[in-house]
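Just below is one structure, and these are the notes that go with it.
Bear in mind these aren't lab numbers, they're just calculated from the coordinates by the rules spelled out. All of these numbers come straight from a predicted model, not from anything done at the bench. Here Cβ is always computed from backbone atoms with ideal geometry, including for glycine, and neighbour counts include all displayed protein chains.
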Ligand code: BGC
């Protein structure tokens, strides 16, 4: 079976995506570790959960709405001999954040790696943005990462244990995203949150980094992928000429979660086919 999406710019079907997520896994690199991955029922989060499990981590699959997606992630992990558990938790709610961390410790006895992946975007002209959409985007993308990280590190600090926090931000933590002002603001916030936490948590041996994907083939991009003209305009801006895959993001996350990355903290790692560096004379 091919491990690549059938066409680089179509939503890959479930089985090929799973194979791609495992393709470059380093066996046992994360053995003995427990990882929480938020938003692991689809897209980038699903690939990260599968990849971390393939490297030996026990994985907590967080989801909010799509139970069947969380099941798919769990089954993919189990079929490959990995270990995972599912917890439904809305990262915008403090009680759910507490539950997610508590369940991680109840079921697996520890926590080592937190991947703040859950994210949403709402497109609108700035002057049309509603308070409800603003709150949703900021609460999922920024508040969720803020308070889940807080709940996660409280346990680590109390137990004097090292840890890793990896935020899935976006090229838009640095690059403008017209018509997505709330999204860009949330990701810019995530960038400074990461930098601040790297300094505050460094003395506790907790490393904090961001992975900043560009245009990745995931459900969040479905309308873009369905719109040939918009898609072509985007591809024209990407020096490598294609969108990225969730599996490619997952590989970078696995490295950052591993002991090999023990000296890496306070940085953003861009994974965007060159999009952020693109410039053309008009
Ligand atoms: C957004 C996508 C967008 C990509 C590149 C991502 O963060 O979620 O909608 O296509 O950045 O602009």
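Tabulated data
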{"item": "Rg and Dmax of segment 82-227, Cα atoms only, in Å", "result": "16.2, 50"}
{"item": "Potential lengthening between residue 277 and residue 132 on full extension [0.36 nm per residue; Cα-Cα distance subtracted]", "result": "48.9 nm"}
{"item": "Alpha carbon convex hull of the chain, volume per residue in cubic angstrom", "result": "129 Å³"}
{"item": "Normalised contact order of segment 25-274, rounded percent, pairs of Cα under 8 Å and 6 or more residues apart", "result": "20 percent"}
{"item": "Distance from segment 91-165 to segment 40-58 (C-alpha centre basis), Å", "result": "17 Å"}
{"item": "Theoretical ellipticity at 222 nm over the chain - DSSP helices of four or more residues, -39500 (n - 2.57) apiece, nearest 500", "result": "-13000 deg cm²/dmol"}
{"item": "Neighbour-count ranking [beta-carbon atoms within 10 angstrom, fewest first] of 180, 146", "result": "146, 180"}
{"item": "Ascending count of other beta-carbon atoms within 10 Å, so fewest first, for 201, 30, 114", "result": "201, 30, 114"}
{"item": "Shape call, segment 214-282: gyration tensor on alpha carbons, a/c limit 1.5", "result": "oblate"}
{"item": "Relative exposure of 173, 128, judged by other C-beta atoms within 10 Å (fewest first)", "result": "128, 173"}
{"item": "Pairwise centroid distance, computed over Cα atoms, of segment 62-85 with segment 184-209, Å", "result": "28 Å"}
{"item": "Quarter of the Cα convex hull surface for segment 161-243, i.e. its orientation-mean projected area (nm²)", "result": "6.6 nm²"}
{"item": "Two-site FRET efficiency, residue 236 against residue 23, from Cβ-Cβ distance with R₀ of 35 Å, rounded to 0.05", "result": "0.80"}
